[in-house]
Amino acid sequence: MQVAILGAGAIAYGTAALLRSHGHGVRLWSPSGQRGRALENGPLIAKGALEGRFGVGVAKSCAEVLDGAEVVIVALPANGHRAVIEAAAPHLRAGQTVIFSSHASFGALYLDRLLADRSVRLPIIVWGTTVVTGRQPQDDTVTVNTVRAKLDIATLPATHGEAGLALCTALFGDRFVLRDGLLAIALSNLNPQNHLGIAMFNLTRMERGETWGQGENVTPLVGRLLEQLDLERLAIAEALGLSVRTIFEHFHLSFHVPVASISEMNQQMHAEGRGGFGPTTAQSRYVLEDVPFGLVPTALLGRLVGRPAKLHEAGITLLSGAYGRDFTADNDLLPVSGVEGRGIDELVRLCREGSAA
């Protein structure tokens, strides 16, 4: 299949390498126009969990990258989703499928509404997280830390679920678990809650630019906080009648460690050399992306279903105070997604049917 990737950072590169390893054609577009230039004259070099040299096309515009693509993957930080959605919506056409890797703050609803304004209806697939993790040490290189063994997905509209599952499997192999709609995916990304605890208790390391092991610093107290944050997320899912993966399942299935306490699982990852490194700057996505686009939507859902996520809310407030900014206001997707101001029944219907609701 021919795949367009909107984004040219580490996740976009890792996703491109994985697609090419499965025999698919890939073309990237950098929204900033700054990345990916090295790939015009040479291969994408993948190291780590995925090794190889892969030919990847590079487009100069959004319209160019979408032309001829059967599948379009949004693969960049959530704070760039709105701009990319608005750039892509005028050029998407019938017969294409859009994948959000990963989905954030109901962005699929915004894209669906923009397409409906053009009388275009496309299946949209949303992932609970990315299919790979990694870093981009150079403009032609990606270090793939992990290729996830299991990944939660859903579709908009929900009736496209089986077809969406089949498409993702054809692209990336048998690693996807179909969940019950957009709301389940909204509660399936564990990175924001996990990064809250990790960043909160390592802010000084981040500010000082220290090199520090992430897994080894998920100590028993930090691990317990992550477990308590997870209970809030699970309570919201339960109130909505949704089944989502627990934090224990997440670490076990994504990072292949035996189930134990969250601290013990992270210590095991560290002992195996797979614990990763924490952010070396306070200007990290762990805070700037995950707080507004991860914690804020979860807190909103908690209020809507009468299961307030007090620890999530406290984290938003504390980090807003530390950074001297309103992280709730930093979310530019919720105001345009059509979520705010709706009752829970209306929101459930919208997340299953999209703009047809």
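The values are calculated or read from the model by the stated rules, or taken from the named source; none is laboratory data. Computed from a predicted model, the values in this text were never measured in an experiment. Positions of Cβ are generated from backbone atoms using ideal geometry, with glycine treated the same way; all protein chains shown enter the neighbour counts. Just the protein is used for accessible areas: all its heavy atoms, side chains included, with ligands, DNA and RNA removed. Shrake-Rupley method; radii C 1.70, N 1.55, O 1.52, S 1.80 Å.
One residue stands out in segment 101-121 among those that are in a loop (DSSP other than H, G, I, E, B) and among the hydroxyl-bearing types (Ser, Thr, Tyr): the one that is most open to solvent (accessible area, probe 1.4 Å), namely Ser119. Looking at the structure I just gave you, is Met265 touching a Pro at 6+ places or on another chain (Cβ under 8 Å), open to solvent by less than 70 Å² (accessible area, probe 1.4 Å) and not acidic (Asp, Glu)? Here the answer is yes, as Met265 does meet what is asked. Within the set Gln214, Gln268, the sole residue that is touching a strand residue (DSSP E or B) at 6+ places or on another chain (Cβ under 8 Å), under 22 Å from Gly48 (Cβ atoms) and among the polar types (S, T, N, Q) turns out to be Gln214.
Of the helices (runs of 4 or more DSSP H) lying entirely inside segment 309-353, those carrying at least 2 residues that are open to solvent by 70 Å² or more (accessible area, probe 1.4 Å) and either at pLDDT below 95 or touching a Gly at 6+ places or on another chain (Cβ under 7 Å) (or both) are 344-353. Within segment 141-159, the set of residues being within 16 Å of the chain's Cα centre (by Cα) and small (Gly, Ala, Ser) comprises Ala149, Ala154.
Those residues that are assigned to a loop (DSSP other than H, G, I, E, B) and either touching a Leu at 6+ places or on another chain (Cβ under 8 Å) or aliphatic (A, V, I, L, M) (or both), I need them from segment 270-285; list them, please.
Selection gives Ala282 alone.
A count restricted to segment 122-164 and to residues that are out of contact with any Gly (no Cβ under 6 Å at 6 or more places or on another chain), open to solvent by 40 Å² or more (accessible area, probe 1.4 Å) and more than 14 Å from Ala16 (Cα to Cα) stands at 7.
Would you call Ala299 crowded, with 18+ Cβ neighbours inside 10 Å and not in a loop (DSSP other than H, G, I, E, B)?
Against the criterion (crowded, with 18+ Cβ neighbours inside 10 Å and not in a loop (DSSP other than H, G, I, E, B)), Ala299 qualifies.
Figure legend. Inter-residue proximity from segment 324-352: first residues charged (D, E, K, R), second residues outside any helix (DSSP H, G or I), beta-carbon distance below 6 Å, spacing 6+ or different chains. Indicated pairs: Arg349/Ala357; Arg352/Gly181.
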